[in-house]
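The values are calculated or read from the model by the stated rules, or taken from the named source; none is laboratory data. Everything numeric in this text was worked out from a predicted model, so none of it was measured. As a convention, Cβ positions derive from the backbone with ideal geometry for all residues, glycine included, and neighbour counts pool all protein chains shown. For the accessible areas, the whole protein counts, side chains as well, though only heavy atoms, and no ligand, DNA or RNA atoms are used. Shrake-Rupley method; radii C 1.70, N 1.55, O 1.52, S 1.80 Å.
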Amino acid sequence: MEEIVQLNANAKLSEHFSLGEFTKSGSHPEVYNIPSHEAIANLKRLCTWLEVLRLRAGGPIRINSGYRSPQLNKKIGGAAKSNHLTGCAVDIRVENMEQLLRYAVILLDISRDWHQDFDELLVEKNRYGAIWLHFAVRPKDNRRKVCFLSV
């Protein structure tokens, strides 16, 4: 299949994060995955948290998944009401459980320091055993959902 060229992939969402990092799909490069202006605003909000995470963690943050178009979300089997559909969620790649827990604690500290809630902070795992940290921040009505299942 032919890969779709994502427009504005180099556009900066923040100092260290680009739009392309949040819209690329390694598994389905043939699917259009272009966010709306509202989704881009949500991604920028998310990046304010990720910039602080990056600073406190002492290095780059690697993104597995960010914005997902309805077509891409369906192809990968994402939840029907996923925060990824609105640009409010990111899946952060981690090397191991220690790094995942360090990132989670930093994000909880940011929430406390800023007196702001997030929507979701979840440990997720695929059928092959890979783990990642799912983090979401909505413009409003954040639920502060934390779920660390045994992995």
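Solvent-accessible area of the chain (1.4 angstrom probe, protein heavy atoms only): carbon and sulfur portion equals 52 percent. Based on protein heavy atoms only, the chain ends up with 57 Å² per residue of surface accessible to a 1.4 Å probe.
Applying 0.36 nm per residue to the separation of His115 and Glu98 and subtracting their alpha-carbon distance, the gain on full extension is 3.6 nm. Model label sites at Glu124 and Arg143, defined 7 Å from Cα along the beta-carbon direction, differ in position by 1.4 nm. The residue list Ala89, Asn8, Thr48 was ranked by how far each Cα lies along the charge dipole of the chain toward its positive end, using unit charges on Cβ atoms, and Ala89 comes out on top.
Among Tyr32, Tyr67, Tyr128, which one moves the most in a GNM of the chain with springs linking Cα atoms closer than 10 Å? Per the Cα network of the chain with a 10 Å cutoff, Tyr128 tops the list. The stretch between Leu55 and Lys81 holds 6.3 nm of extra length on full extension. This uses 0.36 nm per residue minus the Cα-Cα distance. Along the chain, the exposed loop sites are GluC sites (Glu not before Pro) outside DSSP states H, G, I, E and B with at most 16 other Cβ atoms within 10 Å, and the longest stretch free of them is 31-94. For the range 67-151, trypsin sites (Lys or Arg not before Pro) meeting the loop criterion (DSSP other than H, G, I, E, B) and having at most 13 other Cβ atoms within 10 Å: Lys81, Arg127, Lys140, Arg143, Arg144.
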